[in-house]
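Only one structure is covered here, and it is reproduced in the block below.
The values are calculated or read from the model by the stated rules, or taken from the named source; none is laboratory data. It should be emphasised that the depicted structure is a prediction, and the values quoted were computed from it without experimental measurement. As a convention, Cβ positions derive from the backbone with ideal geometry for all residues, glycine included, and neighbour counts pool all protein chains shown. Heavy atoms of the whole protein, side chains included, go into the accessibility calculation; ligands, DNA and RNA do not. Shrake-Rupley method; radii C 1.70, N 1.55, O 1.52, S 1.80 Å.
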Amino acid sequence: MSRKQILAGNWKMNQTITEARNWIRIYQAGQKKGFRTDVLLFPSFTTLYPVSKEAMKAGITLGAQNIHEAEHGAFTGEISAKMLIEAGAKWVLVGHSERRTLFGETDDRINLKVRRALFSELRVILCVGETLEERNAGTHQEVVRQQVINGLQDVHKSDLAHVVIAYEPVWAIGTGKTATPEDAQEMHAAIRQIINSEKGGEIAEQMRILYGGSVNKENAAALFACPDIDGGLVGGASLKVESFLSIFRAL
Ligand code: 13P
């Protein structure tokens, strides 16, 4: 089964509206048409709407970096699915390790967010990954297994077509250390196996699983050549359009 690859840029708390517009303009000029890859960008909330038209013209689909699990209500500083959709988002990142560690998001909360997003017809990238301590202790497979199972609890099979998993080892995010293609492939295959036993073989074969964590133009080709790696979720190297385009070419 051939899965359509995804290259996604998570801009985190970077890029103003003006910077994002410039990025998209240069991207469009440097990009060839007719490619068989989904290109997704996750800018800040305030940048989504102002760049939505340009992004569409450039063949980029927009997503948000966070969502609140409630439909609406008294949640100062939060953002709802409906607001994101109106602003032009088609996707949302859920469970990023920065949300888990810096903002205390638990698996339960992450599961509620996943379900709210899917119920609202947003597509989801569910991020999972172990810390260095967990990897050194040899518990990484079990940690990721729990994150996948808990994150997707009560998500119906038919909704899973709208879910992508991103394996992002915490120790590789923003550190310049990447998982070796062998280690990444091993975890991706394990994740596909978990989906297989929890949700069935058909969806396991279809589901796209991305690698994230210090992806750059040097290491991208070897990672993306692995059979269970269906693309990348790129942080730092997505901020410069030239390096994002170089990673794109590695796909
Ligand atoms: P870096 O590519 O900067 O390591 O970030 C990865 C990431 O967190 C993407 O979501």
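Taken as a whole, the condition of being surrounded by 13 or more Cβ atoms within 10 Å (Cβ to Cβ), of a type in the set (D, E, K, R), touching a residue at least 40 places away in the same chain (Cβ under 8 Å) and outside any helix (DSSP H, G or I) does not apply to K113.
Pick from the stretch 241-251 the residues that are assigned to a helix (DSSP H, G or I) and not polar (S, T, N, Q): which of them is most open to solvent (accessible area, probe 1.4 Å)? Here the residue is R249.
The test for being within 16 Å of the ligand (Cβ to nearest atom) and in contact with an Asp or Glu (Cβ under 7 Å, 6 or more places away or on another chain) holds for I6. Just one of the listed residues (G138, G95) is modelled with pLDDT of 95 or more and either within 16 Å of the ligand (Cβ to nearest atom) or within 14 Å of F42 (Cβ to Cβ) (or both), and it is G95. Kindly indicate the residue of the stretch 209-220 that is more than 8 Å from the ligand (Cβ to nearest atom) and either among the charged types (D, E, K, R) or in contact (Cβ under 8 Å) with a residue 40 or more places away in the chain (or both) and also most open to solvent (accessible area, probe 1.4 Å) among those meeting that condition. Filtering the stretch 209-220 for residues that are more than 8 Å from the ligand (Cβ to nearest atom) and either among the charged types (D, E, K, R) or in contact (Cβ under 8 Å) with a residue 40 or more places away in the chain (or both), the one most open to solvent (accessible area, probe 1.4 Å) comes out as E218. When the residues of the stretch 36-69 are filtered to those that are under 27 Å from R100 (Cβ atoms) and among the aromatic types (F, W, Y), which remaining residue is surrounded by the fewest Cβ atoms within 10 Å (Cβ to Cβ)? Checked the stretch 36-69; the qualifying residue surrounded by the fewest Cβ atoms within 10 Å (Cβ to Cβ) is F45.
Considering (1) open to solvent by 10 Å² or more (accessible area, probe 1.4 Å); (2) within 15 Å of the ligand (Cβ to nearest atom); (3) in a helix (DSSP H, G or I), the lone condition that Q193 does not fulfil carries the number (2). Would it be correct to say that A189 is within 16 Å of Q5 (Cβ to Cβ) and touching a residue at least 24 places away in the same chain (Cβ under 8 Å)? No. Of the set (1) touching a His at 6+ places or on another chain (Cβ under 8 Å); (2) closer than 15 Å to H96 by Cα; (3) part of a helix (DSSP H, G or I), all apply to Y211 but (3).
For the stretch 151-165, taking the residues that are in a helix (DSSP H, G or I) and not hydrophobic (A, V, I, L, M, F, W, C), the one that is most open to solvent (accessible area, probe 1.4 Å) is identified as K157. Being within 16 Å of the ligand (Cβ to nearest atom), touching a Pro at 6+ places or on another chain (Cβ under 8 Å) and open to solvent by 10 Å² or more (accessible area, probe 1.4 Å) is a condition met by at least one residue of the stretch 221-240. Answer with yes or no whether E168 is under 25 Å from E205 (Cα atoms), buried (at least 19 other Cβ atoms within 10 Å of the Cβ), charged (D, E, K, R) and within 16 Å of the ligand (Cβ to nearest atom). In short, yes.
For the stretch 9-18, a residue qualifies if it is open to solvent by 40 Å² or more (accessible area, probe 1.4 Å) and away from the ligand (no atom under 13 Å from the Cβ), and the qualifying residues are T16, I17, T18. Of the residues making up the stretch 70-84, those that are of a type in the set (A, V, I, L, M, F, W, C) and surrounded by 16 or more Cβ atoms within 10 Å (Cβ to Cβ) number 4.
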